[in-house]
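Asks: Below: one structure in structure tokens.
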Ligand code: COA
């Protein structure tokens with residue numbers, strides 16, 4: 001984690017992140033810590049969390065760890081309670097824990113489908129629902145990590161598509177219900193992002209990555225830093241009037257998907273006989 005940051009815009013704030021030990025969640029935690037927030041990294045693997053927290057504290061930040069599975073409400077609840085006792089009321093919650101594997105509907109068992117729904121959707125509900133009593137109100141910022149899957153059906157990704165669509169709606173409902181408490185709830189919608197578990201699982205060969213880059217309007221993959229910057233913005237006073245939104249950080253890749261679908265639709269239409 002780089003030490004050089006002039007403005008610490010989250011000084012005195014407290015952040016709790018599931019999936020905080022690695023990937024996008026960790027990079028967001030690092031960004032929050034660089035800006036003065038105390039961060040609690042929650043996840044399933046103690047050694048991964050410890051190493052991540054050490055990276056932050058070695059760079060001068062303040063970080064703690066909470067070993068939990070987001071599918072277990074009582075564990076999430078206990079971790080949030082401990083965070084508020086050790087660090088103070090919670091200003092920022094990020095639900096970044098996620099599960100994914102590519103499989104067609106007929107290639108996944110009911111339990112396989114449920115595993116992803118449980119981690120992604122139920123895990124996000126558990127995290128936000130359990131956090132509410134420990135939030136600083138008014139002022140808290142809740143962020144769930146969605147994906148283009150929420151709005152674009154993707155083959156071999158039915159479980160993630162269903163979970164992410166539901167997560168976006170869940171966050172909008174929380175924005176509605178908790179607006180009166182001064183709590184904001186938003187989604188970040190990452191596109192293909194370099195060095196992530198998602199890219200490893202969904203584009204495991206270099207030629208698949210090349211295809212994604214070739215089709216991307218900005219001609220490259222995104223970076224975890226760019227997602228962290230969006231999370232920082234959504235958690236800063238600059239976003240005080242922003243709630244209930246889903247914000248892509250995807251280099252325009254979602255536009256291309258809908259564009260190619262339109263092309264296919266036009267081709268199909270041109271083959272139809274005029275009535
Ligand atoms: N194809 C089909 N089914 C699969 C599968 C695959 N590639 N991988 C797992 N499953 C099924 C398992 O067979 C099991 O179903 P069954 O009991 O009917 O056999 C079910 O999914 C649960 O698997 P299990 O390994 O017991 O679950 P888990 O809770 O330990 O792990 C996963 C959850 C499967 C999502 C796992 O990939 C995970 O933990 N991922 C976390 C990290 C991650 O995915 N990051 C990417 C984010 S984009």
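The values are calculated or read from the model by the stated rules, or taken from the named source; none is laboratory data. Predicted model, so just to flag it, every value in this text is computed and none were measured. Backbone-built Cβ (ideal geometry, glycine too); neighbour counts: all protein chains shown.
Asks: Where the second residue is surrounded by fewer than 21 Cβ atoms within 10 Å (Cβ to Cβ) and part of a helix (DSSP H, G or I) and the first is free of Cβ contacts under 8 Å to residues at least 24 places away in the same chain and lies in segment 226-237, which pairs have Cβ atoms under 6 Å and are six or more apart or on separate chains?
Replies: 233/239
Asks: Looking only at segment 135-153, which residues are in contact with a strand residue (DSSP E or B) (Cβ under 8 Å, 6 or more places away or on another chain), away from the ligand (no atom under 11 Å from the Cβ) and under 22 Å from residue 29 (Cβ atoms)?
Replies: Of everything in segment 135-153, those that are in contact with a strand residue (DSSP E or B) (Cβ under 8 Å, 6 or more places away or on another chain), away from the ligand (no atom under 11 Å from the Cβ) and under 22 Å from residue 29 (Cβ atoms) turn out to be 135, 136, 140, 141, 142, 143, 144, 146.
Asks: Here's something else I'd like to know. I'd like the residue in segment 165-182 that is out of contact with any strand residue (DSSP E or B) (no Cβ under 8 Å at 6 or more places or on another chain) and in contact (Cβ under 8 Å) with a residue 60 or more places away in the chain and, out of all such residues, is farthest from the ligand (Cβ to nearest atom).
Replies: Among residues in segment 165-182 that are out of contact with any strand residue (DSSP E or B) (no Cβ under 8 Å at 6 or more places or on another chain) and in contact (Cβ under 8 Å) with a residue 60 or more places away in the chain, the one farthest from the ligand (Cβ to nearest atom) is 179.
Asks: Restricting to segment 24-65, and then to whatever is assigned to a strand (DSSP E or B) and free of Cβ contacts under 8 Å to residues at least 40 places away in the same chain, can you tell me which residue is surrounded by the fewest Cβ atoms within 10 Å (Cβ to Cβ)?
Replies: The qualifying residue surrounded by the fewest Cβ atoms within 10 Å (Cβ to Cβ) is 62.
Asks: Could I ask something else about it? State all residues of segment 241-258 that are touching a residue at least 24 places away in the same chain (Cβ under 8 Å) and either over 21 Å from residue 193 (Cα atoms) or touching a strand residue (DSSP E or B) at 6+ places or on another chain (Cβ under 8 Å) (or both); if no residue qualifies, say none.
Replies: Within segment 241-258, 242, 243, 244, 245, 246, 247, 248, 249, 250, 251, 254 qualify.
Asks: Looking at segment 225-234, is at least one residue more than 14 Å from residue 147 (Cα to Cα), within 16 Å of the ligand (Cβ to nearest atom) and in contact with a helix residue (DSSP H, G or I) (Cβ under 9 Å, 6 or more places away or on another chain)? Break it down into steps so the answer makes sense when it comes.
Replies: First, pick out the residues of segment 225-234 that are more than 14 Å from residue 147 (Cα to Cα): 225-226, 228-234.
Within this subset, residues satisfying the condition of being within 16 Å of the ligand (Cβ to nearest atom) are none.
Scanning segment 225-234, I find no residue that is more than 14 Å from residue 147 (Cα to Cα), within 16 Å of the ligand (Cβ to nearest atom) and in contact with a helix residue (DSSP H, G or I) (Cβ under 9 Å, 6 or more places away or on another chain), so the answer is no.
Asks: Next question, about the same structure. Before we move on, is residue 46 within 16 Å of the ligand (Cβ to nearest atom) and modelled with pLDDT of 95 or more?
Replies: On the way: within 16 Å of the ligand (Cβ to nearest atom): yes; modelled with pLDDT of 95 or more: yes.
Yes.
Asks: Shifting gears a bit: Answer with yes or no whether residue 156 is at pLDDT below 95 and either within 10 Å of the ligand (Cβ to nearest atom) or surrounded by fewer than 21 Cβ atoms within 10 Å (Cβ to Cβ) (or both). Explain how you work it out, then say what you get.
Replies: Working: at pLDDT below 95: yes; either within 10 Å of the ligand (Cβ to nearest atom) or surrounded by fewer than 21 Cβ atoms within 10 Å (Cβ to Cβ) (or both): yes.
Judged against the criteria, residue 156 is a match.
Asks: Just checking, how many residues over segment 117-134 are within 17 Å of residue 173 (Cα to Cα) and either within 11 Å of the ligand (Cβ to nearest atom) or not in a helix (DSSP H, G or I) (or both)?
Replies: 2
Asks: To continue, here is another question. For segment 69-116, how many residues meet the condition of being within 11 Å of the ligand (Cβ to nearest atom) and either assigned to a loop (DSSP other than H, G, I, E, B) or surrounded by 18 or more Cβ atoms within 10 Å (Cβ to Cβ) (or both)?
Replies: 15
Asks: Also, I was wondering about something else. Report whether or not residue 162 is at pLDDT 95 or above, within 16 Å of the ligand (Cβ to nearest atom), closer than 22 Å to residue 25 by Cβ and assigned to a helix (DSSP H, G or I).
Replies: So residue 162 passes the test.
Asks: Take residue 189 and decide whether it is closer than 18 Å to residue 132 by Cβ and either within 17 Å of the chain's Cα centre (by Cα) or surrounded by 14 or more Cβ atoms within 10 Å (Cβ to Cβ) (or both).
Replies: It is false that residue 189 is closer than 18 Å to residue 132 by Cβ and either within 17 Å of the chain's Cα centre (by Cα) or surrounded by 14 or more Cβ atoms within 10 Å (Cβ to Cβ) (or both).
Asks: Scan segment 213-238 residue by residue and report those that are more than 12 Å from residue 143 (Cα to Cα), in contact with a strand residue (DSSP E or B) (Cβ under 7 Å, 6 or more places away or on another chain) and assigned to a helix (DSSP H, G or I).
Replies: Scanning segment 213-238 gives 224, 226.
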